[in-house]
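The values are calculated or read from the model by the stated rules, or taken from the named source; none is laboratory data. For clarity, every value in this text was computed on a predicted model and none was experimentally measured. Glycine gets a Cβ as well: all are built from the backbone with ideal geometry, and neighbour counts include every protein chain shown. SASA here: full protein model, heavy atoms, side chains in, ligands and nucleic acids out. Shrake-Rupley method; radii C 1.70, N 1.55, O 1.52, S 1.80 Å.
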Amino acid sequence: KQFKDGLEKTRKGFVEKVTDLMIRRKKIDEEFYEELEEILIGADVGVNTVMNLIEDLRVEVKKRKIEDASELQPVLSEKLSELLRGNDNSQLQMSSNGITVILFVGVNGVGKTTTIGKLAHRFKQEGKKVLLAAGDTFRAGAIEQLEVWGQRAGVEVIKQQSGSDPAAVMYDAVQAAKQRQVDVLLCDTAGRLQNKSNLMEELNKIFRVIQREIPDAPHEVLLVLDATTGQNALNQAKLFGEKSGVTGLVLTKLDGTAKGGIVVAIRQELNLPVKLVGLGEKMDDLQPFDSEQFVHALFA
Ligand code: GDP
């Protein structure tokens, strides 16, 4: 799916509401701003960001002497683009001379395994040799699920038994990656949050094992967040971001929410680029994040 299809719910639930408001009210008065504020907050744009955005709009309305509300649409999309800018580094860091290692972290159910499968497919299509590491040895079924994606994408999965030490799996995976001269190693990790400090220790150990074998790895640590969980996603990012060396975000299930404003909130509140977005459950439903394309898909 492309942005246009993947963002249909947000376009219907958020952008169309804004458009309706502009047509219905015509006059730009306090009530108009209040209603606009409500719609934006309802779309998970984030309260602080909305307040600033409304202030900016007030300034622009005065400066440009805008009288009819419908003329505000392009101004709003311009402002949203500005808020998202600086996020245009969606390129994944790749090793310049060897194996690129990408680690995926995040809470269970956010779409880690699915994202790994989709990305494996994408890299394969680019002609790269890919290997997967089944580092979530904790959640029942996680290894099998990764294997299903491995088969779909046509890439091999390095695994051990359920319950085994994830760092040992990573060690095996790195050795296999070297032997088979793969280009990209994508590593799944456990996402249980019941015991946060254990999880962080486990991630640190995985880090050390990978780094010992490949000094400039991991090249990316991608935190996967579920766009449909709104504020929760932001909280997870704060929790993981502190300790686990996260380098970028993957925002999944954008197709499943009318609250695509979460992308703006994430950009404003976290100092991490959104690298990829999930726009569906299929293999092709993953796109590099591009702020211009994103805003364009919403307002075009
Ligand atoms: P994990 O526990 O983090 O590995 O999560 P999974 O990869 O198992 O995904 C959990 C559920 O979310 C599955 O049913 C996926 O099909 C679904 N899912 C993952 N990414 C997306 C997405 O971008 N869009 C939609 N609609 N569903 C997704």
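Here are a few things to note about the model shown:
- Rotationally averaged projected area of region 227-279 (alpha carbon convex hull; nm²): 3.2 nm²
- Neighbourhood charge, 13 Å Cβ-Cβ cut-off, centred on residue 11 and excluding it, Lys, Arg +1 and Asp, Glu -1: 0
- Sequence-distant aspartates and glutamates (8 or more away, or on other chains) whose Cα lies within less than 15 Å of residue 118: 126, 147, 156, 188, 281, 284, 285
- Here the average projected area of the convex hull drawn through the C-alpha atoms of region 1-119 stands at 10.2 nm².
- Computed over neighbours whose Cβ is under 15 Å from that of residue 100, the net charge equals +2, Lys and Arg +1, Asp and Glu -1.
- Around the amide H of residue 133, modelled in the peptide plane, lie the amide H atoms of 158, 186, 187, 188, all under 5 Å away and 5 or more residues distant in sequence or on another chain.
- Cα-derived Rg to Rh of region 86-228, Kirkwood definition: 0.93
- Helix-derived mean residue ellipticity, 222 nm - over the chain, DSSP H n ≥ 4, -39500 (n - 2.57), to 500: -15000 deg cm²/dmol
- Taking 24 Å as the limit for the C-alpha separation, the pairs 124/205; 79/282; 128/259; 12/124; 129/159 exceed it in the case of 124/205; 79/282; 128/259; 12/124.
- Computed on protein heavy atoms with a 1.4 Å probe, the accessible areas place 94, 200, 283 in the order 94, 283, 200, largest first.
- Relative contact order (%) - criterion: Cα under 8 Å, at least six apart; region: the chain: 29 percent
- Each Lys and Arg Cβ is given +1 and each Asp and Glu Cβ -1; about its Cα centre, the chain then shows a dipole of about 600 debye.
- Ignoring lysines fewer than eight residues from residue 65 along the same chain, the ones with Cα atoms less than 16 angstrom from its Cα are 26, 27.
- Taking only the Cα atoms of the chain, the ratio Rg/Rh comes out at 1.04, with Rh defined as the Kirkwood radius.
- Computed on region 32-117, with alpha-carbon pairs under 8 angstrom and 6+ residues apart, the relative contact order is 14 percent.
- Potential extension, residue 93-residue 59 segment - 0.36 nm per residue separation minus Cα distance: 8.3 nm
- Computing FRET efficiency as 1/(1 + (r/R0)^6) for residue 16 and residue 282, where r is the C-beta to C-beta distance and R0 is 30 Å, gives about 0.70.
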